[in-house]
Each structure stands twice: as C-alpha cells, then as structure tokens.
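Q: Submitted below is the structure of interest, expressed as structure tokens.
The values are calculated or read from the model by the stated rules, or taken from the named source; none is laboratory data. Computed from a predicted structure; not experimentally measured. With ideal geometry, Cβ positions are generated from the backbone for all residues, glycine too; neighbour counts draw on all protein chains shown.
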Amino acid sequence: MSDQHQKERLLKVVVCGDGASGKTSLCLRFAHETFDGDYHQTLGLDFFIRRIILPGEVGVTLQVWDVGGQSIASSMIDKYLHGADAIIIVYDITNTASFEGAREWNESVKKMLKNSQVLPALALVGNKIDLESKRQVKMDTHNRYAVEQDMGSFYTSARTGDSVSLIFKQMTAQVMKIPMPKAELDKEVVPIVAEATANQDVPKRGTSRIPGQNNTTVCNVM
Ligand code: G3D
Ligand code: MG
C-alpha cells in the first residue's frame, strides 16, 4: 500500500441543531459547493461524503451525517452520535430560540456521551451571517458559551459559503491533531460586520468582506 493510502482516514461528523437553522444547507454547501434555497426540511438522516487534504498532504474522507432538527427527542439520536469523531451544533444567528436549541443539543449530546472513552470534538456554529442586520444572538453570548463549553466556534453562511469549509477543516485537524498554520486558517475566515447592539467588549472582526478576496472555500478540498 502506498504512503498516500496509509495516511487516509475516514471520519464521522454529525451535524445537529434545531430545524431551519441551516444544517442541510451547510452540508450541501460543503459537499457540493451549492446552496439550494428550495431544499425541504430533513425528515430522517442524510449523508454527505467529501475528501479534504490537510497540511502535510494528509487526505481525510469526511462522512457527514445531517440529522433532522426534530431528532433531539428521538430514541435514535444516540445511535446517530455513536462513533462520531466530531459533532457540529448549528443555530441561526437571527433566531434566539435556535440558540437555546443549540444549548439543549449540547447538553443532550454531552449526557449521551458521558460514558464514551474518547469524546468527539464539538463545534458551535452560528449560521446565516449574510443576515447580519437581523442578528438576534449576540456574538458575545455565542463566544462565552463556546469557551465555557470548550467548543470550537464558527460563524458561517451556507448561502454565500463563507467559512463553511473552515468548520470541517478545522474540526478535522483537531481530531487528527494536525496543527493548522495560521495563514491557512486566516484565508478561510471571513470578517463579520459586528451588530450595532453588540456588547462593546466584543472585538469587531472586520467591517466588510475583503474586495477581490475569494470568500468561498475550496482550497485543498477534492
Ligand atoms: P435545517 O436543515 O437545519 O432544517 P435548512 O435547515 O438547511 O433546510 O435551511 C432552512 C432555511 O434557511 C432554508 O430556507 C434555507 O434556504 C435557509 N438558509 C440556510 N442557511 C442559510 C444561510 O446561511 N443564509 C440564509 N439567508 N438562509 C439560509 P427556506 O426559505 O427554504 O425555509
Ligand atoms: Mg435539514
């Protein structure tokens, strides 16, 4: 077997969160580089597969499980989570209830995994940043919760593709314990216009998208 094949890993990534937070749209964006505004709500479970290349030419195939938002109470959910290497919890930044839903998902996930020997990497994703003017969940609230819960923290737009690949690459690198060079991460992070009502402590990450910069992320993804 070649060195290339010996390096290959298959990781299971589970995407959860309330219905309409954008889980399916994020998965579609990541897997197919598309946004389908007419996609219907997921009723059961969808799978998406994509291969990415991390620094050091490490190839990883991600099997992404898109769990319907209604599944939080489902008796199947612990089976979906079984063996997950990473769990991504999505909410909609324009919907406070969906952030509360993300907290509930996080609590449920942690309860279900409390006897697991290896805990998966966890991420909190605030989606729909293209609707920044309609933001209801303050960045400060998100950031504090992510730090307190030891979760990776991301802001994305499945509509524009902004920072979508970043979630998957960074979480994969964390699971694989591969350092991601800052330059590699910086080119995938998209500045956010901080909301007018934001807590003054929250650092403003940027004022606009960078002109001429490719804000969607396809780098090293096959
Ligand atoms: P879910 O899988 O979590 O249930 P979906 O969510 O991916 O089905 O998305 C729910 C709705 O939010 C869809 O709109 C979808 O187009 C929209 N959406 C998802 N991500 C984004 C985003 O980043 N920005 C914006 N503006 N909309 C997004 P409809 O109208 O079909 O309900
Ligand atoms: Mg869905």
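Q: Answer yes or no as to whether Ser75 is small (Gly, Ala, Ser), over 23 Å from Ala173 (Cβ atoms), modelled with pLDDT under 95 and not in a strand (DSSP E or B).
A: Yes; evaluated as a whole, the condition is true for this residue.
Q: Still on this model: Here are the criteria: (1) surrounded by fewer than 16 Cβ atoms within 10 Å (Cβ to Cβ); (2) out of contact with any helix residue (DSSP H, G or I) (no Cβ under 8 Å at 6 or more places or on another chain). Tell me which single one Met171 does not satisfy.
A: (1)
Q: Among (1) polar (S, T, N, Q); (2) within 16 Å of ligand 2 (Cβ to nearest atom); (3) more than 24 Å from Arg29 (Cα to Cα), which single condition is Thr156 missing?
A: (3)
Q: Sticking with this one: Quickly run through the stretch 141-158 and pick out the residues that are under 15 Å from Thr94 (Cα atoms) and more than 11 Å from the chain's Cα centre (by Cα).
A: If the condition is that a residue be under 15 Å from Thr94 (Cα atoms) and more than 11 Å from the chain's Cα centre (by Cα), then Thr141, His142 are the ones that fit.
Q: Which of the residues spanning the stretch 74-95 are more than 16 Å from ligand 2 (Cβ to nearest atom) and surrounded by fewer than 15 Cβ atoms within 10 Å (Cβ to Cβ)?
A: Ser75, Asp78, Lys79, His82, Gly83
Q: Is at least one residue of the stretch 130-140 under 15 Å from the mean Cα position of the chain (by Cα) and surrounded by 16 or more Cβ atoms within 10 Å (Cβ to Cβ)?
A: Checked against the condition, which is being under 15 Å from the mean Cα position of the chain (by Cα) and surrounded by 16 or more Cβ atoms within 10 Å (Cβ to Cβ), the stretch 130-140 yields no hits at all.
Q: Moving on to the next point. Working only within the stretch 96-120, note down all residues that are in contact with a Lys or Arg (Cβ under 9 Å, 6 or more places away or on another chain) and either surrounded by 15 or more Cβ atoms within 10 Å (Cβ to Cβ) or at pLDDT 95 or above (or both).
A: Within the stretch 96-120, just Pro120 meets the criteria.
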